[in-house]
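One structure is given here, and the rest of the page talks about it.
The values are calculated or read from the model by the stated rules, or taken from the named source; none is laboratory data. Quantities reported herein were computed from a predicted structural model and do not represent experimental measurements. Counting neighbours? That spans all protein chains shown, and the Cβs are built from the backbone with ideal geometry, glycine included. Only protein heavy atoms, including side chains, enter the accessible area calculation; ligands, DNA and RNA are left aside. Shrake-Rupley method; radii C 1.70, N 1.55, O 1.52, S 1.80 Å.
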Amino acid sequence: MSETDSIIFDTAQRIFEDLSTAEVINAAEDGQWPDELWQAIEEAGLALTWIPEVNGGVGASLMDGFAVIKAAGAAALPVPLAESLLAGWLLAKAGLEVGTDPMTIVLPEQAGDLVWNGERLSGTVSAVPHARSVRRLVVVVNGEGGQVLVVDPAQTRIESKRNLAGEPWDTVTFDGVEPLEQARLPADTDLDRARAAAALMRCVQAAGALGTALELTIQYAMERVQFGRPIAKFQALQHSVAAFAGEVAAINAAADAAAEAMARNNAVDGEAWIEIAAAKTRLEEAVNEGAAVAHQVHGAMGFTYEHRLHHLTRRLWAWRDEYGSDVYWSRILGQEVLNWGADQLWPRITAVSDPR
Amino acid sequence: MSASRFRFPHVEMPEVAVQLRAEVREFLAEERASGGFVPMADCWASAMSPEYSRKVGQRGWLGMTWDKQYGGHGRSFLERYVVTEEMLAAGAPVMAHWIADRQSGPQIIKNAQPHVRDQIIPRIVAGDCFCAIGMSEPNTGSDLASVSTKAEKVEGGWRVNGTKLWSTGAHGCDYMITLLRTAPPDAKARHEGLSQFIIDLKSPGVQIRGIADIGGQVHFNETQFEDVFVPDDYVLGEVGQGWQMVVGELALERSGPERFLSSFIVLQEAMRVLVTNPSDKTREVLGQLVAKIKTLRRMSLGIAGLLEEGSSPEMEAALVKDVATRFEREMLEKLRSILPAHILAASNGLLPTLLREGILRVPSSTLRGGTNEVLKGMIARQLGMR
Ligand SMILES: Cc1cc2nc3c(=O)[nH]c(=O)nc-3n(C[C@H](O)[C@H](O)[C@H](O)COP(=O)(O)OP(=O)(O)OC[C@H]3O[C@@H](n4cnc5c(N)ncnc54)[C@H](O)[C@@H]3O)c2cc1C
């Protein structure tokens with residue numbers, strides 16, 4: 001999982017730096033698909049990171065893919081790369097073909113939101129990321145285990161909506177749609193687990209985004225001069241930025257732990273489930289505290305649309321709630337902890353570092 | 001994976017550490033069952049039991065990482081981590097040996113005269129010799145370079161005069177590793193003129209007076225030195241190098257599991273009550289607390305792993321201490337918010353006692369070993385803001 005070994009990570013970072021600029025991100029919010037950016041992503045094979053080489057993918061490790069997702073978050077990438085990776089991962093799991101065109105995931109909050117009768121799909125799902133811009137919708141429904149359905153978005157009704165960050169978060173209605181392809185997921189994956197993987201994807205993106213917000217904050221504090229010196233010299237600000245750094249460190253540790261747990265068996269197994277619940281729970285405070293400090297240090301300038309800070313903070317505020325908020329996941333984790341009971345609490349905590 | 005400036009790698013314990021963990025758990029269960037100890041909140045700073053520490057020493061669990069040639073056990077940092085975290089999680093009375101095992105021993109091995117080292121280290125390893133830290137003074141807290149307790153050169157050694165304050169456990173200790181002024185203060189070179197000494201607390205002229213904390217318990221002390229003679233060979237390292245030594249010593253102790261597990265036992269005991277008819281609020285709080293503990297353990301253990309590899313992640317260690325010590329307060333406050341009223345109101349019983357002790361100890365966790373304000377200043381410096 002070392003980033004230095006990962007060519008794919010370096011490539012991703014270079015592309016994002018060059019092509020995910022403030023102008024591109026703003027234009028995307030205005031509805032302009034960043035063609036050049038996606039083309040570079042496609043050419044570099046980034047969307048195929050998680051696809052085995054036999055299926056035409058890059059066959060990088062799951063951890064390399066998570067590193068790309070973290071870099072995407074750090075760059076506030078305005079295209080569904082993380083979603084495409086997860087969609088591709090689901091397709092590969094179900095033994096289906098994956099392409100390089102943009103995809104997104106359709107993971108209904110309630111299993112009952114979608115009805116799949118074995119031939120046709122009906123129902124409405126809201127908050128589908130980038131539905132209007134992708135070529136394929138990768139839908140997960142339950143029924144004899146998890147099923148993956150690939151749907152042509154042209155066959156659906158898409159209502160354009162946005163999340164807090166202005167990202168396209170559309171409502172998609174399926175009126176008895178026949179999927180392009182369909183396959184059963186292996187026993188280790190169903191709708192709940194796919195949603196958990198999506199929650200993890202948001203944690204990893206957020207860990208990256210919060211890291212960038214911290215760097216911008218430090219940089220701004222060193223440049224902005226008031227009372228004759230850089231504001232970085234004021235102890236009050238030093239202390240809030242130090243606390244912010246602690247939050248960045250914590251969410252990176254939590255997200256890495258969860259990503260590694262999922263990578264271990266290439267599935268959201270019982271252990272990964274707990275780690276994801278912990279990371280998504282931990283994310284709220286990191287975002288809440290971190291974004292507050294970032295804005296406080298940036299003063300009024302950081303409150304403007306022109307300044308790029310909001311590319312990060314608005315995404316952070318949106319992502320912490322997606323695929324289960326901290327309230328949702330803390331209850332799940334809390335119930336697991338109750339199931340362990342007092343005497344198994346500590347052994348369960350230490351089991352994470354046991355050799356396997 | 002980490003496009004981040006902070007690194008907390010996953011640590012996988014070696015097989016031998018797993019075996020060791022099982023042994024420690026068995027030991028703790030037996031001790032607790034046989035009345036060898038009653039669990040305590042903030043146990044590493046409030047539960048002193050020389051008998052217990054001797055048993056730990058007999059098991060080979062003190063001085064674990066120290067070289068065998070000096071009397072240590074030559075084991076890994078990760079094995080030591082296992083022993084310390086297990087004892088903390090159980091609320092075991094580890095205070096007597098804690099400081100000697102964590103920081104004084106390594107300091108002595110590195111900097112003491114060989115014959116002094118050989119006289120002290122094997123006794124620490126046996127759980128038979130305990131150490132205190134003498135840094136703070138009445139007029140010296142965060143600004144450690146301002147110490148004024150003096151050591152003056154005399155024939156064959158040094159004459160010490162002054163007062164050290166807040167010396168944890170000194171009333172039960174054999175030695176104090178003491179930071180003293182050996183040259184007059186120089187405003188231009190504030191970190192010079194300081195030296196570290198090993199002072200035998202049984203020496204004539206040493207007076208130790210216990211200080212009651214807010215709970216009325218005596219865990220720390222005022223230690224007065226009146227013309228105390230310290231032989232030359234009890235100077236640690238070079239005269240005048242005290243500051244560098246102290247800085248290294250403080251870095252060593254920053255990110256250990258005691259920064260977030262000192263009252264873990266309160267959570268464990270609270271669980272026995274909370275499992276009955278849990279509300280959603282209870283689930284949320286337990287989920288939040290366990291999420292944080294898991295994250296902190298990942299961070300703290302990650303640093304132990306980096307130390308094992310020979311790197312010294314100072315920034316990460318400072319971050320862990322800041323985040324972890326703030327969590328200690330949060331944990332007790334959140335537990336309070338979900339425990340039934342009869343537990344909060346009760347004046348006896350294990351859980352009510354642990355909770356009270358924990359709450360009364362909590363203000364110290366963001367003070368001792370350098371306050372969180374000072375720590376944040378160091379983090380800011382590492383971030384380039386100072
Ligand atoms: C339970 C306990 C055990 C201890 N055990 C030991 C021991 O064994 N040996 C030992 O030597 N010492 C020990 N100490 C002392 C401890 O190291 C000091 O309490 C600590 O270094 C702070 O010093 P102080 O209490 O004098 O507070 P002060 O330094 O007077 O600080 C008071 C407040 O001012 C803040 N402050 C000070 N300077 C700054 C600054 N530059 N910027 C911003 N804020 C600042 C502090 O953060 C704090 O909030 C112990 C303390 C406690 C509570």
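Per residue of A:267-280, other chain Cβ atoms within 10 Å of the residue Cβ number 2 on average. Of the residues B:LEU88, B:LEU301, B:LEU144, the one that moves most in a GNM of chain B with alpha-carbon contacts below 10 Å is B:LEU144. Calculated accessible area for the range B:44-163 comes out at 35 Å² per residue, all protein chains present (probe 1.4 Å; ligands, DNA, RNA ignored).
Based on alpha carbons, the Rg and Dmax found for the range A:191-350 are 17.8, 58 Å. Principal axis extents of the Cα atoms in the range B:246-386, from largest to smallest and rounded to whole angstrom, are 49, 27, 25.
What is the sum of charges, Lys and Arg at +1 and Asp and Glu at -1, for the other residues whose Cβ falls under 11 Å from the Cβ of B:ALA183?
Numbers: positive: B:LYS150, B:LYS153, B:ARG181; negative: B:GLU152, B:ASP186, B:GLU192.
With Lys, Arg at +1 and Asp, Glu at -1, the neighbours total 0.
Between chain B and chain A, the total buried accessible area stands at approximately 5200 Å², from heavy atoms with a 1.4 Å probe.
Note on A:LEU164: accessible area approximately 100 square angstrom, rounded to 10, probe 1.4 Å, nucleic acids and ligands left out.
Per-residue mean of other chain beta-carbon atoms within 10 angstrom of the beta-carbon, peptide A:250-262?
Whole-number average of other-chain Cβ neighbours for A:250-262 is 6.
Please list, by residue number, every one of the GluC sites (Glu not before Pro) in the range A:139-233 that is coil in DSSP and has at most 15 other beta-carbon atoms within 10 Å.
Values: sites: A:GLU144, A:GLU159, A:GLU181, A:GLU215, A:GLU223; in loops: A:GLU144.
Answer by residue number: A:GLU144.
Kirkwood Rh, Cα Rg: Rg to Rh for the range B:3-129? Each step should come with its number before you reach the end.
Values: Rg = 15.4 Å, Rh = 15.3 Å.
My calculation puts Rg/Rh at 1.00.
Counting only DSSP H runs of at least 4 residues, each contributing -39500 (n - 2.57), and dividing by the residue count of the protein assembly as shown, the helix-based mean residue ellipticity at 222 nm comes to -15500 deg cm²/dmol. Between 0 and 90 degrees, the angle of helix B:15-33 with respect to the longest Cα principal axis of chain B falls at about 80 degrees. When the Cα centres of the range A:114-129 and the range B:332-385 are compared, how far apart do they sit, in Å? Their Cα centres are 49 Å away from one another. Note that the range A:70-207 shows a convex hull volume over its alpha carbon atoms of 97 Å³ per residue.
What accessible area per residue, rounded to a whole number of Å², is obtained for the range B:245-384 using a probe radius of 1.4 Å? Show your work: numbers first, answer last.
On the way: 4720 Å² over 140 residues.
Value for the range B:245-384: 34 Å² per residue.
Can you give the percent of C-alpha pairs in the range B:185-303 whose distance is more than 26 Å? Numbers along the way, then the final one.
Details: 3808 of 7021 pairs.
Summing the P(r) tail past 26 Å for the range B:185-303 gives 54 percent.
Starting from the Kirkwood Rh over alpha-carbon pairs, what translational D in µm² s⁻¹ does chain B have by Stokes-Einstein at 10 °C and 1.306 mPa s?
73 µm²/s
Average accessible surface for the range A:301-356: 43 Å² per residue, computed with a 1.4 Å probe over protein heavy atoms with every protein chain in place. Determine the residues within the range A:325-353 where the difference in accessible area between the chain on its own and the full set of protein chains amounts to at least 40 Å²; count protein heavy atoms only and use a 1.4 Å probe. For the range A:325-353, once contacts with the other chains are taken into account, A:SER330, A:ARG331, A:VAL337, A:LEU338, A:ALA342, A:LEU345, A:TRP346, A:ILE349, A:THR350, A:SER353 lose 40 Å² or more. For the set B:SER49, B:SER146, the ranking by accessible area, highest first and with no ligand, DNA or RNA atoms included, is B:SER146, B:SER49 under a 1.4 Å probe. Across all C-alpha atoms in the range B:1-60, the radius of gyration and Dmax reach 16.7, 51 Å.
The calculated Kirkwood hydrodynamic radius for the range B:56-101 is 10.8 Å, given to one decimal from all distinct C-alpha pairs. Taking the square roots of five times each eigenvalue of the Cα gyration tensor of the range B:248-321, the equivalent ellipsoid has semi-axes of 32, 11, 9 Å, listed largest first.
Note: relative contact order over chain B, using C-alpha pairs below 8 Å and six or more positions apart, is 18 percent.
Using a 1.4 Å probe on the protein heavy atoms, what percent of the accessible area of chain A belongs to carbon and sulfur? It would help to have the intermediate numbers written out before the result.
Working: 6290 of 13460 Å².
Result for chain A: 47 percent of the exposed heavy-atom area is carbon or sulfur.
State the percentage of accessible surface on chain B attributable to carbon and sulfur atoms; use a 1.4 Å probe and exclude ligands, DNA and RNA. Please report the intermediate quantities before stating the final value.
Values: 7680 of 14970 Å².
Ligands and nucleic acids excluded, carbon and sulfur give 51 percent.
What order do you get for A:28-39, A:265-276 when each peptide is scored by the mean count of other beta carbon atoms within 10 Å, highest first? All intermediate terms of the calculation are to be shown ahead of the outcome.
Numbers: A:28-39: 15.4, A:265-276: 21.0.
Ranking, from highest mean packing down: A:265-276, A:28-39.
Counting only other chains, and only Cβ atoms inside 10 Å, what mean value do you get across the residues of B:19-26?
Numbers: counts 0, 0, 4, 0, 0, 0, 3, 0.
Going residue by residue through B:19-26 and averaging, the value is 1.
For the range B:220-297 versus the range B:27-45, the inter-centroid distance based on Cα atoms is 17 Å. The Cα-based radius of gyration and maximum Cα-Cα distance (Dmax) for chain A are 20.4, 71 Å. Springs between alpha-carbon pairs under 10 angstrom, Gaussian network model over chain A: which of A:ASP170, A:ASP64, A:ASP18 fluctuates most? Sorting by GNM fluctuation, first place goes to A:ASP18.
For B:LYS150, what charge total do you get from the other residues with a beta carbon under 10 Å from its beta carbon, if Lys and Arg give +1 and Asp and Glu give -1?
Details: positive: B:ARG159, B:ARG181; negative: B:GLU152.
Taking every other residue near B:LYS150 into account, the sum is +1.
Helix B:242-252 and the longest principal axis of the Cα set of chain B meet at an angle near 10°.
Given Cβ point charges of +1 (Lys, Arg) and -1 (Asp, Glu) and nothing else, what value in debye, to the nearest 20, does the dipole of the range A:118-251 about its Cα centre take?
Values: 14 positive and 15 negative charges, 129 e Å.
The dipole of the range A:118-251 has a size of about 620 debye.
How many percent of all Cα-Cα pairs in the range B:133-241 sit more than 18 Å apart? Of the Cα pairs, 45 percent sit more than 18 Å apart. Annotation for A:LYS161 and A:GLU144: the two label points, set 7 Å from Cα along the Cα-Cβ direction, are 3.2 nm apart. Compared with its chain on its own, the range A:220-246 contains the following residues whose accessible area drops by 10 Å² or more in the full protein assembly (probe 1.4 Å; ligands, DNA and RNA excluded): A:MET222, A:ALA232, A:LYS233, A:GLN238, A:HIS239, A:VAL241, A:ALA242, A:ALA243, A:ALA245, A:GLY246.
Using C-alpha pairs under 8 Å with a sequence gap of at least 6, the mean separation divided by the residue count of chain A gives a relative contact order of 14 percent.
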